[in-house]
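Before any comments, here is the structure.
The values are calculated or read from the model by the stated rules, or taken from the named source; none is laboratory data. Here the structure is a predicted model, which means the values were calculated and not measured. No Cβ is skipped: glycine too gets one built from the backbone with ideal geometry, and neighbour counts run over all protein chains shown. For accessibility, only protein heavy atoms count, side chains too; no ligands or nucleic acids. Shrake-Rupley method; radii C 1.70, N 1.55, O 1.52, S 1.80 Å.
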Amino acid sequence: PGLFRFHFPGNYHKDFKLTVKEDDLVEYECIEGHPEWKGTKLSFVLKEEGEKLVLKFRHKGWQAQTEMFGICSYHRALYLRSLKNLVEKGTGNPTKV
């Protein structure tokens, strides 16, 4: 309970545990994966703003802005764009990077 795995192409994965669960916030800590990810935390906040539901995402705890940090930031933007397209248009493509 509270543990899950993100799968990526090439038989690569990252394991997370749930650390915070509140009404509009969830936060997960990376417990297994690339060394730069270990100990970092992903948080998701859902807020209603007028007639819209807004997702606020944060990835904190990076030790430095390395090449891996940049690669992850780029891919994360693609995944979030895919999620937006899925919600708004009915189709997403999270593996197209």
**OP:** With only Lys, Arg, Asp and Glu charged, each at its Cβ (+1 for the first two, -1 for the last two), find how big the charge dipole of the chain is about the Cα centre; round to the nearest 20 debye.
**Re:** 260
Subject >> Geometric extent, Cα atoms of region 1-44 - Rg, Dmax (angstrom) >> reply: 10.9, 35
**OP:** Check cross-link reach from Lys21 to the lysines: straight Cα distance under 19 Å, and skip same-chain residues fewer than eight apart.
**Re:** Lys41, Lys47, Lys56, Lys60
Original post:
Reachable aspartates and glutamates from Lys38, Cα under 17 Å, same-chain residues fewer than 8 places away excluded?
Top reply: Asp15, Glu27, Glu29, Glu67
Original post:
Relative to the compact globular guide of 2.2 N^0.38 Å, what is the alpha carbon radius of gyration of the chain, as a ratio?
Top reply: 1.14
Subject >> Computed label-point distance, nm, for sites Thr19 and Leu83 using a 7 Å Cα→Cβ extension >> reply: 1.8
Subject >> Exposure rank, largest accessible area first [Thr40, Thr95; 1.4 Å] >> reply: Thr95, Thr40
